[in-house]
Structures are given as C-alpha cells and as structure tokens.
Amino acid sequence: MKGDNDLGRIIKGVFSKNRRGFGFVEIADSDENERDIYIAPADQKGAMTGDTVTVDLIPEIYWEGSRPEGIITKIDRRSITHVTGTYIKRKKYSVVLPISEKEGIPVLVNRNDSSGAGSGDKVTVEILKYPEKGRDAVGRVVAIIAGKDDPAGDIKALIRSKNLSFSFPDEVKSQASDIEKAGITAAEIEGRRDLRERNIFTIDGADSKDFDDAVSVNMLDNGNYLLGVHIADVSHYVTEDSPLDREALKRGNSVYVLNQVVPMLPVELSNGICSLNEGVERLTLTCEMEVTPHGDVVSHDIFESVICSKHRLVYNDISDILEKGDEKLICKYQDIYDDLLMMRDLYEVLADKRDERGSIDFDVDEAYIRLDENGIPISVDLADRRTANRLIEEFMLLANETVAQHFYWLQLPFIFRVHEKPEAKKMTELKAFLDRLGIAFRGNPANIRPGTLSDILRSVKGSKYENVVSSVTLRSMQKAYYSTDCGGHFGLSLKYYTHFTSPIRRYPDLFIHRVIKSHMHGEIDEERMEKLAVKAVTAADISSVTERNAAEIERTGEKMKKAQYMSEYIGDIFEGIISGVTSFGFFVQLPNTIEGLVRLSELDDDYYETDESSYSVTGEMTGNVYKLGDKIRVMCIAANRYSGEIDFKTVSAGKRKKRKRRK
C-alpha cells in the first residue's frame, strides 16, 4: 500500500469503531498485502460501525506510524437504523446513550418522540437524522425494553441491541403450544427401540433447564463398553419448513447471557416436551457405540428410541462422588453408582486416547458470575471443569465424531464442524512470542501439527505463563465454523467431526437429525438430495454467523457484569498477573479472570515506553520493567458497567490491602 501511487487514493470499505473513539476501515476485495486503514475520531464524518464508506488515503509521510491512515469523505450505505440504550431525560431534549459505545452513537430525542419513556429506562430509538458536521443524531423512541428499576434491564438491552428477541411470532407460539398439548402418543413410540428400563440419566449444570443429552453405559461380555448417547429427537416436532423451523433457522442457536436465555425454540419445546426431564418418557435419537478398553470404537448403531431418564444429575454432585467418594451422595444414587464408576473408567480411557493423538485442550480459566435477585453480581469465581463436566464432554465428542464419520461415507448432504489448520503467519508470531518467554516451539509454523501445540500447553501447566500462553495460543487459532464439506477439526485432531448432541439449542444439530431420520426411513431420492444440499449450505452459513454473534453478546454481557462487580471495590488492592501489553499500557488479570488496564499515563514515577516485540513496558530513567507474565499488585480506580472497561493502577508492595466492602 506504500508509495507515491497511494497519494489521494480513493478506497471503499466497511467502517468499524473502537470504543476509545478511533476506528478502522476494512478494505473491500483487498489482497493479503492490504491493511485496514486507521481513521482518527475527527475524520469519521459521523460513520458508525458497519457503514460502507469512501476513504481518501492520507499520504504516507503524514502517517503517525506504519499503519495506513485516511479520512472518510462519504458514507455510501448506513448499516444501523436503530440504537438501543439508556434514555436520559433533560430539560429541552433527551438523549439515548447506546448500550454499546462501539456500535452505537448518542441519539437526541425531542419531547414529543419519547413514547413515554422515563429517565433511566432502556429503550430502542429509530434514527431520523444521522450525525453530520458536528450535529448529533436525532431519533424517536420506538420501544421501551425495560424500566430503570428492572434488574436485568442492562442485559435485556444488550440482547435487543443485537436484534435478538425473547418472544416468538404468534404462529410459532401457536405451533409450539399445539405440540405441547398433544404430548407423546403410543403411535409415536411404535417402531422405536424401547430403552425406558435402562439406567439412562442426564448430567448438567445446576442452573440448566433444557436437557438435550442423556447417557448410559454397560459392560459387554467381551470386556468392551457399550456407551449410549441419547439426544432429544427435536426434528420429530420441528418439521421441515414449518413456522418453528423457519424461526429456528433464523435464530441459528440459543444465546446464553448470564441468567438470561434467548432460546432457539419456544420453552414449550426447549424446557418441555423435547427436554429429557427426569421421570418422563421422551423421544430420542440414540448413538450407541461399542468401545474397547483402549478407546477404539469397533461398532456403532444410530437409531430412533424412547427413554425415561432415571435422574437429573448435577455436575458437582457427580464430581464429588467420583473425586471424593462422597458417601451421602453414593447412598442417594446407589442405583446408578456402578454405572458412574464405569463411566469414569471409560472417560479416562477416552481422554488418554485423545491426548495420544495430539488433541489440544485449551484449559483456559473461565468465570462463573453469580447474580442476586436484583441482577447484581455478588461473586466472580472460576468456573468448575471437574470430572463430571469432562466426562460428558468426552462422551459427546465421541458421539459427534462417530456420527460424522458414518454420514461422511454415505455421501449425503450434511453439516460438518470444521476447524482449519492455523495460518502460517499466526504460528510464526506465536513461535516468536514463545521464544521470548523461553518456551520451545518444535515444528514448522507453515505445517503445524495439533500435537505440537498440545505439547506446548502441557509444558507450561502450573507455571506463571499457563493462562497467558493458553490465551495467546487460542487467539492464534482459526475460528471453527459449519460447512457442508468435511474439512476436519484441527484442535481435536479429528478427520471427521459434526455437532449432533444439542438440537434444542443449535440448528446444525437439528438439521443433521433431519438428514439422519430421512435416511433411516428411506426417504432420500435424487430430488430430496438436491433439496437437502441447498438447505445444508444455507443452514451452515447462517449458523456460523449467528454463532459468532452469540459469542460476542455473551462476552460483552460478562464484561459488563465484571465491571459492575468491580465498581463496588474502587480503591481496593488486588494481586494479579500481566496478561497483555499494548502501546497504551498493559492488562492485568486477577485470579478470578477479571481483567483491567493499567494505562501508561497512570505510571507516574517515570516515563514509560512499550516494547510490543518483547511484551514489556520499561521506565526511561528508573529502568523499571513490567512484562508479560509478571505478578503485580494493583488498585482498582475505575469500572464502567456499560462499556465493560476496568482501570487499574500499580501500587507498591508495602501498601496494605483494604477490607472488602459492598454498598
């Protein structure tokens, strides 16, 4: 992009605004040598994230760094027509402050366009006039999402800002209601394999309400295990091209934001007739696998079934049984105790097998945020990933792999879960990062193997770099996505992989259930093949997009609640580890995963400069160094619950920690 030919070059692209005010334009149809163009706050012409814009490239001599810089001269297409945020009432006019500073803008609202909103309410406003020439945007309130006293108002507003809705269209609700009222009939059970007398049960989190999967295990006479993974037969109820199906495809997946759920399916199905609730008959699709003591699947069967879950088990209880031998819980679940021990043995076999093939286990710390009845975060702790959690994960992985391989060889239209090999450039950067930490990277970055990365993560286990290395390695990976091509799963080191086990909350699983059942019933002819092939591409594309959107919403909601939690501890001192270094400061992560920024401007004992190549910040006169992985004591000095930003300041070792308090 450099050179005299770039003087006055006109470029079109899509604008993305950073919450700190500056932005970037991603160049349309760019080659790999093109880079995003930096746009200063004063040069944005009122552009909003997602807008298609025309940029006049500034001559290279005026760039402040190596990144190209430009000025937006025209907004070709607006992407945002509505803004969701907090309504603030003022004397002459009111303003809606966006829930997301990155994607929204403040919008002025005249008194006659307030729709009765009160100050502090969460609302959606339609933009009538876009900002230009120093004038603010103007709009009118079209929906009041939550009152100012609604404890879940901030999360509801976040969800609405992404165009998601808790409610369903009337025709979808009507169909779901009719299904629930009809219940399960004898005719629906006829022809299915009857597993109602088996020891089949669910193991989930304590807060779970929709149960997609149940498990069972038996020991065969030949010494092999018979593992059963029984999945809710959602496709029996959500018929192709019905209102329920069209709405599920549009949503793509359920979205879980702390204690709020935007379901893919109405609760009559997700928590009702499709959910594998304890003690009730449910229609299921079973994948039964014969597994050797070495972890090899030597035979399998996929069939329609009917089950009756014997127990609704909770991860922590089962982990206490398997890890601690909790006698009270063993007595409570005596009827399935032997099954649980067998499952633990099988889990260990499968985990060892996966480890041998080089599967990458990103054991990155995750937060568990507990809210009170008013939606206020009262604790932020590390989420448990104990034996029972890992056991269920392992069984679901095996079922997904088995189903994927089976239907790959049948060459039917299908949706696979694909995770591509990392880009060589990313691996080269990762190698340089690890070299500076003194961590060996053995292998060719251009042709990396999963086992190489798995060995690296294993080598830092328990060290001060464990979380940092895991996080940086994870960010170096490609994003997994859905595809009709079986491209394999790099992270799991598998050639065949799909998502089969969660049809209540993921559309790809629902779609492949439909393909599986069509094949079982001999319904796939040439015409049906063509129709399914087209639908598979559409479903894979939509689901990949909705999955990314859901992940972003979930991350944003978590950041908001972490910041709200830390707002109660302004002035308190914590110990953490430097988790990232940037040109404007460094990030510090606390043991409970909360992360805050120490700005260079807050380091008042010296003038500090960042060396991003060595992930360090160094004082010019004192020689003080803050580098990645260092333990550090910090004080929380600011926390913004709406942006999710937390600011820290370094403190000396001698300063005493304040007593924790809650207002």
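The values are calculated or read from the model by the stated rules, or taken from the named source; none is laboratory data. Remember, it's a predicted structure, so these values are computed and weren't measured experimentally. Ideal geometry is used to build each Cβ from the backbone, glycine not excepted, and the neighbour counts take in all protein chains shown. Remember, those area values only see protein heavy atoms, side chains included, never the ligands or the DNA or RNA. Shrake-Rupley method; radii C 1.70, N 1.55, O 1.52, S 1.80 Å.
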For Arg198, work out the one condition from (1) open to solvent by 30 Å² or more (accessible area, probe 1.4 Å); (2) of a type outside the set (A, V, I, L, M, F, W, C); (3) under 30 Å from the mean Cα position of the chain (by Cα) it doesn't fulfil.
-> (3)
Inside segment 88-105, can you point out the residues that are under 28 Å from the mean Cα position of the chain (by Cα), not in a strand (DSSP E or B) and not hydrophobic (A, V, I, L, M, F, W, C)?
-> Ser100, Glu101, Lys102, Glu103, Gly104
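Taking the condition of being over 27 Å from the mean Cα position of the chain (by Cα) and either among the β-branched types (Val, Ile, Thr) or within 29 Å of Ser167 (Cβ to Cβ) (or both), how many residues in segment 274-283 meet it?
4
Checking the conditions here, which among Ile360, Ile376 is within 30 Å of Thr452 (Cα to Cα) and of a type in the set (Val, Ile, Thr)? Lay out the reasoning, then the answer.
Details: Ile376 fails: within 30 Å of Thr452 (Cα to Cα).
Going through Ile360, Ile376 in turn, just one is within 30 Å of Thr452 (Cα to Cα) and of a type in the set (Val, Ile, Thr): Ile360.
Can we say Glu323 is over 21 Å from Val215 (Cβ atoms) and either open to solvent by 30 Å² or more (accessible area, probe 1.4 Å) or hydrophobic (A, V, I, L, M, F, W, C) (or both)? First the steps, then the outcome.
Values: over 21 Å from Val215 (Cβ atoms): no; either open to solvent by 30 Å² or more (accessible area, probe 1.4 Å) or hydrophobic (A, V, I, L, M, F, W, C) (or both): yes.
Against the criterion (over 21 Å from Val215 (Cβ atoms) and either open to solvent by 30 Å² or more (accessible area, probe 1.4 Å) or hydrophobic (A, V, I, L, M, F, W, C) (or both)), Glu323 does not qualify.
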Does Gly375 satisfy the criteria of being at pLDDT below 90 and open to solvent by less than 80 Å² (accessible area, probe 1.4 Å)?
-> yes
Quick check: is even one residue across segment 210-217 open to solvent by 20 Å² or more (accessible area, probe 1.4 Å) and modelled with pLDDT under 95?
-> yes
Per-region count, segment 349-363, residues in a loop (DSSP other than H, G, I, E, B), open to solvent by 40 Å² or more (accessible area, probe 1.4 Å) and not acidic (Asp, Glu) | 2
Scanning segment 246-292 for residues that are within 25 Å of Glu373 (Cα to Cα), part of a helix (DSSP H, G or I) and open to solvent by 10 Å² or more (accessible area, probe 1.4 Å) gives Val267, Glu268, Asn271, Gly272
Of the conditions (1) open to solvent by less than 50 Å² (accessible area, probe 1.4 Å); (2) under 30 Å from Glu60 (Cβ atoms); (3) small (Gly, Ala, Ser), the single one that Gly134 does not satisfy is (1)
Considering each of Ile524, Ile516 in turn, give the residue that is at pLDDT 95 or above and β-branched (Val, Ile, Thr).
-> Ile516
For segment 515-528, state whether one or more residues are among the charged types (D, E, K, R) and crowded, with 20+ Cβ neighbours inside 10 Å.
-> no
Quick check: is even one residue across segment 458-474 part of a loop (DSSP other than H, G, I, E, B) and at pLDDT 95 or above?
-> no
If you take the residues of segment 432-457 that are surrounded by fewer than 15 Cβ atoms within 10 Å (Cβ to Cβ) and touching a helix residue (DSSP H, G or I) at 6+ places or on another chain (Cβ under 9 Å), which of them is farthest from Phe511 (Cα to Cα)?
-> Ala440
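Here's the yes/no breakdown for (1) among the polar types (S, T, N, Q); (2) over 18 Å from Leu410 (Cβ atoms):
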| site | (1), (2) |
| --- | --- |
| Arg514 | no, no |
| Glu526 | no, no |
| Lys535 | no, no |
| Arg548 | no, yes |
| Thr556 | yes, yes |
| Tyr565 | no, yes |
When you scan segment 598-651 for strands (runs of 3 or more DSSP E) that lie fully inside it, which ones turn up with 2 or more residues that are closer than 30 Å to Pro106 by Cα, of a type in the set (A, V, I, L, M, F, W, C) and open to solvent by less than 70 Å² (accessible area, probe 1.4 Å)?
-> 631-640, 645-650
Taking segment 33-90 and keeping residues of a type in the set (Val, Ile, Thr) and over 29 Å from Ser161 (Cα atoms) leaves Ile58, Ile61
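Residue-by-condition table, conditions (1) farther than 21 Å from Arg385 by Cβ; (2) within 30 Å of the chain's Cα centre (by Cα); (3) free of Cβ contacts under 8 Å to residues at least 40 places away in the same chain:
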site	(1), (2), (3)
Leu265	yes, yes, no
Gly272	yes, yes, no
Met289	yes, yes, no
Asp301	yes, no, yes
Lys324	no, no, yes
Gln334	yes, no, yes
Ala351	no, yes, no
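Is it the case that Ile415 is under 28 Å from Val537 (Cα atoms) and either β-branched (Val, Ile, Thr) or touching an Asp or Glu at 6+ places or on another chain (Cβ under 7 Å) (or both)?
Yes, satisfied.
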For residues in segment 293-305 being part of a strand (DSSP E or B) and of a type outside the set (A, V, I, L, M, F, W, C), which is surrounded by the fewest Cβ atoms within 10 Å (Cβ to Cβ)?
-> Ser299
Sole exception among (1) open to solvent by 30 Å² or more (accessible area, probe 1.4 Å); (2) in a helix (DSSP H, G or I); (3) in contact (Cβ under 8 Å) with a residue 24 or more places away in the chain for Glu394, by number | (1)
